[in-house]
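The values are calculated or read from the model by the stated rules, or taken from the named source; none is laboratory data. Bear in mind the structure is a predicted one, so any value in this text is a computation, not a measurement. Quick reminder, even Gly has a Cβ in these numbers, built from the backbone with ideal geometry, and neighbours come from all protein chains shown.
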Amino acid sequence: MTVTRFAPSPTGYMHIGNLRTALYSYLIAKHDDGKFILRIEDTDRERLVEGATDIIKSTLRITGLSYDEGPDVGGEHGPYVQSERKEIYMEYAKKLVELGYAYYCFCTKERLEELHAEDAVGGYDRHCRYLSPEEVQKNLEAGVPFVIRQKMPLDGVTSYVDSVFGEISMNNSELQDQILMKADGYPTYNFCHVIDDHLMGVTHVVRGSEYLTSTPKYVLLYDAFGWERPTYVHLPLLMGKNEDGSVSKLSKRHGAVSFQDLLNDGYLSEAIINYIALLGWCPKGSQTEFFTLDELKAAFTIDGVSKSPAVFDFEKLLWFNGEYIHALDDAKFTELVAPYIKLDIPSTVNKTKMLALLKTRIAKLSEIEEKMSFFISLPEYDKELFLNKKNKIAEFDTVKLVLNEAKEILAGVDKFDNDTLFSALSVLNEKLGMKTGTIMWCIRIAVSGMSATPGGATEIMEVIGKDESLKRIDIALTKL
Ligand code: GLU
């Protein structure tokens, strides 16, 4: 069975790159009806951020990336929070010492600092690797603080095959005797993730490509224990576009890069997921770019993952988001957009109609207030707005004539809905010898105060109602 995991460190918000890792990891498992595990990697105690684990869980819940095993859902391989697994790591580290692939290191901080001062490259000189078993025993008995280091092979090459990047090889002479267990009794990431991935039965390790070149060290651990290596799937870098056209690692300066910020800014979770699925993966033979999570599960295969860096394009995301918003049914849209509306909407405004008109005119939910404000109150506008070449309106007198006639008709209409208004006003074509476009232009400017609006004149009047429509026409006539 395919088993994958998402193993974030709770160090802050949910970066969109991390979310992509979670998504790909989830999809690789679910494409094969496999298992997806959430594991919290919190052994770097200095980098912990309070509340970060909750953000991780809530992000996975909102996006629908539900995990089969994890901190709150449990499972046969728990606990799923590394700080609760300390004893396990110590046991395996000691086992590794016995096997001859690790050693106790008693070097003091001072000694190490001296070493680094002498050698700017800052490697460990392997001093304790060569302590005699008696010396080690003596130190342990005396309670001298220690770390446990990995005993790297001194020559030869370590290779593995990554599913995306191909064969990766490293000269063993370049590998440091890295720390596996720290003096505080906590393991390093380098060690504990390997132990956990093995114990939790992870078959595919899916993560960012920043781990590509450290992985030789990890496969050496698998080999030392005699465990089967997992399949590695390192994901391409995520880049952001800079103002000068160049690209660099996606970060805050490129815009909102956390899932939560994007949600707050009015992006829909489904649109974000759909968009980031395509950042580094290309569906084979697909005609569409639109995928629900279920469709992604069916379509996602590792051979569609690309190794070239993917560029996060905010405009493309915005476009995706707009498409998702426009496809919502009106009730769902009303529900989702509600938190973004702080303006008081007068009871005379037909809110249902207004939101239906606006739904197709916004690309993110946070645009709603700006787009709806003219319905609530007439903006300041210049009478020049009425003049329009295309509709052959060259003089204010034409506008005055139209508005006076329209006003009279509208005053007699009781049912202020689009169809009724439209047919009532249609008598003006013949009477004034003008095209519908000309007449409606005059009325629309008067009732909206804007040159471009969501909806035409009669739709706007349906939203704002009879009194407000007549009032706005009067205001226009005074201007003229
Ligand atoms: N805790 C690591 C991180 O957040 C996980 C890397 C991995 O998936 O192995 O970067």
| query | Only one of Leu27, Leu19, Leu23, Leu60 is assigned to a helix (DSSP H, G or I), more than 10 Å from the ligand (Cβ to nearest atom), under 22 Å from Phe312 (Cα atoms) and without any contact (Cβ under 8 Å) to a residue 60 or more places away in the chain; which? | reply | Leu60
| request: Report yes if Leu278 is within 26 Å of Asp68 (Cβ to Cβ), in contact with a helix residue (DSSP H, G or I) (Cβ under 7 Å, 6 or more places away or on another chain) and not polar (S, T, N, Q), otherwise no. | output: no
| query | Looking at (1) exposed (fewer than 11 other Cβ atoms within 10 Å of the Cβ); (2) in a helix (DSSP H, G or I); (3) touching a residue at least 12 places away in the same chain (Cβ under 8 Å), can you tell me which one Glu134 breaks? | reply | (3)
| task | From Ala310, Ala299, grab the single residue that is surrounded by 15 or more Cβ atoms within 10 Å (Cβ to Cβ) and under 19 Å from Gly240 (Cβ atoms). | result | Ala310
| query | So is Val97 touching an Asp or Glu at 6+ places or on another chain (Cβ under 8 Å) and of a type in the set (Val, Ile, Thr) or not? | reply | no
| query | In the stretch 30-43, which residues are in a helix (DSSP H, G or I) and among the charged types (D, E, K, R)? | reply | Lys30
| query | Among the residues of the stretch 204-228, which ones are out of contact with any Pro (no Cβ under 8 Å at 6 or more places or on another chain) and within 11 Å of the ligand (Cβ to nearest atom)? | reply | Val206, Arg207, Gly208, Glu210, Tyr211, Ser214, Thr215, Tyr218
| said: Take Met440 and tell me if it is of a type outside the set (Gly, Ala, Ser), in contact (Cβ under 8 Å) with a residue 60 or more places away in the chain and surrounded by 15 or more Cβ atoms within 10 Å (Cβ to Cβ). | reply: no
| query | If you check Lys332, Lys297, which single one turns out to be modelled with pLDDT of 95 or more, touching a His at 6+ places or on another chain (Cβ under 7 Å) and in a helix (DSSP H, G or I)? | reply | Lys297
| task | Within the stretch 28-59, track down each residue that is under 14 Å from Asn18 (Cβ atoms) and either in contact with a strand residue (DSSP E or B) (Cβ under 9 Å, 6 or more places away or on another chain) or buried (at least 18 other Cβ atoms within 10 Å of the Cβ) (or both). | result | Leu38, Arg39, Ile40, Glu41, Ala52, Thr53, Ile55, Ile56, Lys57, Thr59
| query | Which of the residues that make up the stretch 191-203 are more than 10 Å from the ligand (Cβ to nearest atom) and touching a strand residue (DSSP E or B) at 6+ places or on another chain (Cβ under 9 Å)? | reply | Phe191, Ile195, Met200, Gly201, Thr203
| note | Asn171 fails exactly one of (1) more than 16 Å from Lys94 (Cα to Cα); (2) away from the ligand (no atom under 11 Å from the Cβ); (3) touching a residue at least 24 places away in the same chain (Cβ under 8 Å), namely (3)
| Pick from Glu46, Glu98: which is closer than 30 Å to Gly123 by Cα, assigned to a helix (DSSP H, G or I) and more than 16 Å from the ligand (Cβ to nearest atom)? | Glu98
| task | Taking the options Tyr275, Tyr267, name whichever one is within 27 Å of His326 (Cβ to Cβ) and outside any helix (DSSP H, G or I). | result | Tyr267
| In the stretch 382-394, is there at least one residue being under 30 Å from Leu262 (Cα atoms) and at pLDDT 95 or above? | no
| query | Quick check: is even one residue across the stretch 340-347 closer than 30 Å to Gly266 by Cα, without any contact (Cβ under 8 Å) to a residue 24 or more places away in the chain and surrounded by fewer than 15 Cβ atoms within 10 Å (Cβ to Cβ)? | reply | yes
| request: Would you be able to say whether some residue in the stretch 146-160 is within 16 Å of the ligand (Cβ to nearest atom), surrounded by 15 or more Cβ atoms within 10 Å (Cβ to Cβ) and of a type outside the set (Gly, Ala, Ser)? | output: yes
| note | Of the conditions (1) away from the ligand (no atom under 15 Å from the Cβ); (2) over 28 Å from Tyr160 (Cα atoms), the single one that Ser258 does not satisfy is (1)
| request: Would you check which residues across the stretch 369-392 are crowded, with 20+ Cβ neighbours inside 10 Å and more than 20 Å from Gly465 (Cα to Cα) and list them? | output: Phe386
| query | Can we say Arg5 is outside any helix (DSSP H, G or I), surrounded by 22 or more Cβ atoms within 10 Å (Cβ to Cβ) and either more than 14 Å from the ligand (Cβ to nearest atom) or modelled with pLDDT of 95 or more (or both)? | reply | yes
| Residue match in the stretch 400-408 (condition: of a type in the set (Asp, Glu) and more than 30 Å from Leu278 (Cα to Cα)) | yes
